[in-house]
1. Taking the condition of being on the phi < 0 side of the Ramachandran plot and either charged (D, E, K, R) or exposed (fewer than 13 other Cβ atoms within 10 Å of the Cβ) (or both), how many residues in region 57-76 meet it?
2. Quick one: would you say GLU300 is part of a loop (DSSP other than H, G, I, E, B), closer than 23 Å to THR101 by Cβ and among the acidic types (Asp, Glu)?
3. With a cut-off of at least 2 residues that are aromatic (Phe, Trp, Tyr), touching a residue at least 40 places away in the same chain (Cβ under 8 Å) and surrounded by 15 or more Cβ atoms within 10 Å (Cβ to Cβ), name the strands (runs of 3 or more DSSP E) lying wholly within region 189-280.
4. Does at least one position in region 119-139 carry a residue that is under 20 Å from GLY93 (Cβ atoms) and surrounded by 24 or more Cβ atoms within 10 Å (Cβ to Cβ)?
5. Can you confirm whether THR98 is in contact with a His (Cβ under 9 Å, 6 or more places away or on another chain), within 30 Å of ARG324 (Cα to Cα) and either among the hydroxyl-bearing types (Ser, Thr, Tyr) or modelled with pLDDT of 95 or more (or both)?
6. Of the numbered conditions (1) surrounded by fewer than 18 Cβ atoms within 10 Å (Cβ to Cβ); (2) of a type outside the set (Lys, Arg); (3) under 22 Å from ASN107 (Cβ atoms), ASP48 satisfies every one except a single condition; which is it?
7. Going by the structure shown, is TRP172 at pLDDT below 95 and of a type in the set (A, V, I, L, M, F, W, C)?
8. For region 77-99, state whether one or more residues are closer than 20 Å to ILE171 by Cα and surrounded by fewer than 18 Cβ atoms within 10 Å (Cβ to Cβ).
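The values are calculated or read from the model by the stated rules, or taken from the named source; none is laboratory data. Because the structure is a prediction, the values reported are computed rather than measured. Here the Cβ is made from the backbone with ideal geometry for all residues, glycine too, and neighbour counts use every protein chain on show.
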Amino acid sequence: MKQVTLFLSACITIFILTFCSSCKGQEKASDNVQKSQEAPSMPDTPPDQQVAEYIRHIFQDKNGNFWFGTNGYGAAHYDQDSVSYYSITQGFGGYQITGITEDLKENIWFATDQGVVKYDWSSNSDGSKKFTNYPSQQYFGGQRFWSIFADSKGYIWAGAEKGIFRFDGFIWAPFELPYPEDVSGDFITSRTAWSITEDRQGNIWFSTNGFGAFKYDPLKGLTGDQSFTQFSEDDGLTNNNVDVIIEDSKGNMWFGTRYGGVSRYEQGEFTNYTSKNSIGDDEVCIIYEDKAGNIWFSSEGFGVYRYSEDTFSNYSQDQGLSVRAVQDIFHDREGRLWVGGGGGLYRLEGKTFINVTRDGPWE
């Protein structure tokens with residue numbers, strides 16, 4: 001582990017719009033690559049009855065309705081009656097949704113290919129959807145976004161292609177992690193943060209696409225002490241390309257990586273689960289803990305795994321899950337487990353996954 005200090009600098013880059021179909025979309029891009037100011041005209045709804053052919057995020061709001069981040073149709077919203085889509089033509093600033101979070105005031109925030117979007121419940125008394133857009137060209141130097149997180153102190157953190165931005169309620173400011181100078185890449189770089197989260201101590205954790213993970217202690221940052229701790233392969237982390245970070249209910253930190261499977265950090269030690277001993281593939285882009293304390297995670301091409309009491313259970317095509325590139329796992333307030341990714345939206349019923357389309361079955 002390396003201790004380093006905080007500094008701030010602006011990030012200016014070229015913003016590229018691309019629609020990806022692999023885990024996190026790090027490697028695969030279509031031929032339709034355009035600058036954000038030349039946003040392409042996209043269809044309003046998917047061509048078939050899937051909620052979307054690629055579900056990137058799943059979120060349930062305060063009313064029990066669902067929001068789904070899609071790869072090209074903006075935000076899909078199920079209001080317990082039907083599915084509606086919000087993107088550029090509906091005043092929503094983005095086609096590709098790469099993150100969803102809820103702040104202390106129950107506003108919903110979205111990370112998109114076009115910047116950041118906020119949905120305020122109180123903005124429209126007639127119940128219509130009104131979005132506040134923070135366009136990338138205006139606020140972020142043209143960068144696309146890959147993650148977003150609302151912390152317990154009211155800050156909004158957003159991970160862009162070349163670094164982090166933080167919103168204090170008034171302005172967006174770049175928040176510089178202590179990276180080495182390497183920022184090679186176009187819309188994905190070694191500084192890209194796929195995941196931002198907060199632990200029970202109030203520390204903020206950031207993944208990177210080549211430098212492992214960073215833990216930021218805000219209290220030390222205020223006093224000028226060494227505020228960052230870096231975790232890398234040198235410390236036992238299975239791979240420095242980190243896709244997701246979570247803290248479980250026992251206080252352990254879990255890291256899903258691009259090339260090394262899963263690491264669990266417990267009492268200062270890493271335990272690694274890889275294709276050599278536990279799972280089918282080492283590309284893990286989502287980890288989720290359900291309400292029973294089971295740890296679920298993706299494994300590219302192998303559906304999802306459930307980890308419980310040192311035992312791994314696999315759910316894939318034999319169990320009805322026709323999603324090879326799993327992007328998100330979510331446990332709703334009714335106790336149902338949802339999985340989304342390349343192939344649509346699925347819900348676990350007993351020991352079998354069922355495909356949920358725009359026509360359901362929703363209940």
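1. 3
2. No, not satisfied.
3. Output list reads 204-207, 228-231, 253-257.
4. For region 119-139, residues under 20 Å from GLY93 (Cβ atoms) and surrounded by 24 or more Cβ atoms within 10 Å (Cβ to Cβ): present.
5. On the way: in contact with a His (Cβ under 9 Å, 6 or more places away or on another chain): yes; within 30 Å of ARG324 (Cα to Cα): yes; either among the hydroxyl-bearing types (Ser, Thr, Tyr) or modelled with pLDDT of 95 or more (or both): yes.
So THR98 passes the test.
6. All conditions are met except number (3).
7. Taking the combined requirement at face value, the residue does not satisfy it.
8. no
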